[in-house]
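Accompanying notes for the structure given below.
The values are calculated or read from the model by the stated rules, or taken from the named source; none is laboratory data. What you are looking at is a predicted structure, and each value in this text was computed from that prediction instead of being measured. As a convention, Cβ positions derive from the backbone with ideal geometry for all residues, glycine included, and neighbour counts pool all protein chains shown. Just so you know, the surface numbers come from the protein's heavy atoms only, side chains and all, with ligands and any DNA or RNA stripped out. Shrake-Rupley method; radii C 1.70, N 1.55, O 1.52, S 1.80 Å.
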Amino acid sequence: MATPTIPSNWLHRLLLGLLLALFVALGSLYTWVIPLYDGPDEYAHFRYISYLVQEKQLPQLDATTASISHQLIQQPPFYYGLTALLVGWLPVDVALANALPNPYLEKGLSHRAYLTLPDAPPQSAWAPRGARLVSLLGATLAVLGSWLLVRRLLPQFPWGAYVVAALVGFNPQFLFSAASITNDTWATALPVWALWLALRADESPRPWLRWAGVGALVGLAALTKYSALAVVVPLALVGLLQYHTRGWQAWRYPVQIMGSAALGLSLVAGWWFVRNVWAYGEAIPLMQMVALQPQMAWSAPLTWQDDTLWRSVRWLLRSYWGVFGYSIIAPADYHGVVQNMLLVALVGYLVWPVRSLYDRTQGYAKEYGVALLLAAGWFGVTFGSLLNWMRVMRFTDQGRLLFPAAPALAILILLGWRAWMPRRLEIAGAAIAVVLLLGMGVSQVTTLRAAYAMPVALATAPVFDRPVGARFDGGMTLLGIDLPEGAALEPGKSLPLTLFWTTDSVIPENYTLFIHLADRENQLLYHFDGVPYGGRHPTRQWRPGERFADNYLLTLEAEATEVASKLNSDALATLSLGFYPYANPNQRQSATALATGDALGDRILLATVRILGAASANSEPDVYTSAPDARWQKGIELASHTVALDAQGLPHQVTLRWQASQNIHQDYTVFVQVLDGSNQVLAQVDRQPQQGGSPTSTWRRGDRIVDLIDLPPVTESATSENDMGENDADANDHSGWRQVIVGLYDQTGQVLEIVEPAVQGYFILTTSSITE
């Protein structure tokens, strides 16, 4: 079978440079999207760095240190010391002073771990962002080291190096760590470089010298994260393979390399482990960690039969690829792609033995077997040690804890995929895989932006359907609201609501927003108690003078939906909102009208909402097919009407069939008048449609409202009597009425202009049959 041509080194350098540039660019994008301290335990990691900067000594494993940060207890010091050296000259104290925890995180009301304070000075971000750059540097070294390792392991498949580097680097979970303050990326980089150097040791005339370097890198890895020590398993296999190639009689070789590696490890990290044994009785002081963090430990280690453990394992595998920060989970479609990707690799291991029967390409089986052996041993030990740690400690089912063996898992996936791929298509297959993996990394930027994005400041004063203009005592100002689909809600559907906020000063504390929809018995049909802007913008973050829009979807609660679905007519509910301090839900903030200074109470009434019953009053659809009888401003139309006369020929009942050509946001009173020849009122009714049951402010575009109005007895006016002649017998029968009119006026008494037909403020429903 044909073997792909191995490209020149200059092409590999070019492609590798492009791959690394893409990774750095994508990691920088993640850094920009993720707010400071929102990576897993990011603030706790930064506290470790600040401790070294301020105290200038290594932490002691005691209760005082544990109260500062649990990472001071759990982690060895290399990453933190390196970062402290690089960013220690920056204002760490300013960063700490402006890092405010988000209390809503613990209640599940927000994904944000810390707040972005509006009055924080710019220099408060310098030190933590510098620490993030150190993480990104470690991640870049991990991607480069993974590429070099695979080039060494699979020399006949050079394109596989790009796939493995992409599997490591473009994993969104790894990118999230690369954009956070964490030692995870360096715990990935150092072991892979140690293994790469070990694979190259055999080609040197002084292999023991390179093995000393391997030991030094392992020492740095151990000083970064204890779990990184799992790399000694593939390293031992490499040493064993090199010993085998030299012949089993070369007994001095293993002694030399083991001694050199041990020397390098001892020189770099021996002091730390001796210190641990001296102070705590263990080289890795696990018992001391557990004792100082009782809240994080299980009351008793989980048994291997415990279902809690295996549920955690399933979550661990999921969180390796896409569970970010604090419960931000990548979409199900993304995880479906990942599962299929892993399934293809797994089935590939069943294909490989069959393929090996006919694929006799020289070196293929050997290099495949060596890579498989090293990767399986490396990942297996890492996974097993984490599994054991999960039995002891809570909150350890995090996929990022497997990153010290991320290159091993990537190699295992590559080998499974390669079993499917014809040799002549390996280049194309590798290119497609890298592009798809890059797409996976890019795809989750949207997920993170949706979870963390601050509201976009409105450049101009917003135009809203319903002005409010009210300021709460805490400083929160509601400018107005929009109900883009009107103020009516059907059971099983949602009612969109947009609130327009601003503040004129820094808000000194966090206030919880409540939005209530209550019926006339004050029973809650919908309620929201939480953080504005989808949990992403607590009031402590609001910037003075900035206006922003805040969207909600109001859905009836289950019990209210069931009741509403059985109603034979529409019902009315009141929509209101207010604030209370986070620590005291009973202390609602008072509101004041901006225009007048009038007190509005401890909540603002936003709108009346019509809850649509199962049998709506919208009937007689045939009457709505022709052009309307009359049109008013604001989209109010009279589709048709009927005026009923009694036995004496007097109007006693009017049926108005209204329709709305747009959403209506103001209440108008309908007036129906019976007039005489001098336009004197003989009878009159003023009320909102359907006896107040269907206010015009609840009408939506397309709504049809049938309103039956019973008129009071028509009284004869003096004017009509004087105007009658001796022969006007019919006039006595009609008590002098001449016409019935209809119109609307607002809450100030201003009559709504009629658009069609062009008359002044009213429409004539019918006229008397009397002739002058």
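From the list VAL506, VAL463, VAL456, the lone residue that is under 24 Å from the mean Cα position of the chain (by Cα) and open to solvent by 40 Å² or more (accessible area, probe 1.4 Å) is VAL456. The residue list LEU136, LEU148, LEU144 contains one member that is within 28 Å of the chain's Cα centre (by Cα), surrounded by fewer than 24 Cβ atoms within 10 Å (Cβ to Cβ) and in contact (Cβ under 8 Å) with a residue 40 or more places away in the chain, which is LEU136. In the condition set (1) in contact with a helix residue (DSSP H, G or I) (Cβ under 7 Å, 6 or more places away or on another chain); (2) open to solvent by less than 20 Å² (accessible area, probe 1.4 Å); (3) not in a loop (DSSP other than H, G, I, E, B), VAL672 is compliant with all but (1).
Could you tell me whether the range 603-622 includes any residue that is at pLDDT 90 or above and among the polar types (S, T, N, Q)? Taking every residue of the range 603-622 in turn, at least one turns out to be at pLDDT 90 or above and among the polar types (S, T, N, Q).
Condition check: out of contact with any strand residue (DSSP E or B) (no Cβ under 7 Å at 6 or more places or on another chain), among the polar types (S, T, N, Q) and over 15 Å from PHE46 (Cβ atoms). Does THR116 satisfy that? Against the criterion (out of contact with any strand residue (DSSP E or B) (no Cβ under 7 Å at 6 or more places or on another chain), among the polar types (S, T, N, Q) and over 15 Å from PHE46 (Cβ atoms)), THR116 qualifies.
Look at LEU15 and say whether it is aliphatic (A, V, I, L, M), more than 30 Å from ALA433 (Cα to Cα) and surrounded by fewer than 19 Cβ atoms within 10 Å (Cβ to Cβ). Answer is no for this residue.
Rundown of residues vs (1) touching a strand residue (DSSP E or B) at 6+ places or on another chain (Cβ under 6 Å); (2) of a type outside the set (A, V, I, L, M, F, W, C); (3) touching a residue at least 40 places away in the same chain (Cβ under 8 Å); (4) closer than 19 Å to TYR334 by Cα, yes/no style:
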site: ILE427; (1), (2), (3), (4): no, no, yes, no
site: ALA430; (1), (2), (3), (4): no, no, yes, no
site: LEU436; (1), (2), (3), (4): no, no, no, yes
site: ARG449; (1), (2), (3), (4): no, yes, yes, yes
site: ALA453; (1), (2), (3), (4): no, no, yes, no
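Across the range 435-465, the qualifying residues are those that are assigned to a loop (DSSP other than H, G, I, E, B) and touching a Phe, Trp or Tyr at 6+ places or on another chain (Cβ under 8 Å), and the one among them that is nearest to PRO35 (Cα to Cα) is MET454.
Determine whether the range 687-710 contains at least one residue that is of a type in the set (Val, Ile, Thr), under 21 Å from GLN750 (Cα atoms), open to solvent by less than 50 Å² (accessible area, probe 1.4 Å) and assigned to a strand (DSSP E or B). No: zero hits.
Taking residues in the range 8-21 that are of a type outside the set (A, V, I, L, M), and partners anywhere that are outside any helix (DSSP H, G or I) and crowded, with 17+ Cβ neighbours inside 10 Å, the pairs with Cβ atoms closer than 9 Å and at least 6 places apart or on different chains are HIS12/PRO158.
Please verify whether LEU386 is out of contact with any Cys (no Cβ under 6 Å at 6 or more places or on another chain) and either open to solvent by 60 Å² or more (accessible area, probe 1.4 Å) or part of a loop (DSSP other than H, G, I, E, B) (or both), treating the condition exactly as stated.
In short, no.
Of all the criteria given as (1) among the aromatic types (Phe, Trp, Tyr); (2) touching a strand residue (DSSP E or B) at 6+ places or on another chain (Cβ under 7 Å); (3) modelled with pLDDT of 95 or more, the one not satisfied by PHE464 is (3).
State whether the residues of the range 157-166 include one that is crowded, with 23+ Cβ neighbours inside 10 Å, touching a Ser or Thr at 6+ places or on another chain (Cβ under 7 Å) and touching a residue at least 12 places away in the same chain (Cβ under 8 Å). The answer is yes, given that some residue of the range 157-166 is crowded, with 23+ Cβ neighbours inside 10 Å, touching a Ser or Thr at 6+ places or on another chain (Cβ under 7 Å) and touching a residue at least 12 places away in the same chain (Cβ under 8 Å).
Could you grab me the full set of residues in the range 174-200 that are open to solvent by less than 10 Å² (accessible area, probe 1.4 Å) and either among the basic types (Lys, Arg) or touching a strand residue (DSSP E or B) at 6+ places or on another chain (Cβ under 7 Å) (or both)? Answer for the range 174-200, where residues must be open to solvent by less than 10 Å² (accessible area, probe 1.4 Å) and either among the basic types (Lys, Arg) or touching a strand residue (DSSP E or B) at 6+ places or on another chain (Cβ under 7 Å) (or both): just PHE176. Could you please find all residues in the range 510-532 being modelled with pLDDT under 95 and not in a strand (DSSP E or B)? Residues satisfying the conditions are ARG520, GLU521, ASN522, GLN523. Within the range 623-641, restricting attention to residues that are over 17 Å from LEU752 (Cβ atoms) and surrounded by fewer than 14 Cβ atoms within 10 Å (Cβ to Cβ), the residue that is modelled with the lowest pLDDT is THR625.
Among the candidates GLN74, GLN54, the residue that is surrounded by fewer than 23 Cβ atoms within 10 Å (Cβ to Cβ) and touching an Asp or Glu at 6+ places or on another chain (Cβ under 8 Å) is uniquely GLN54.
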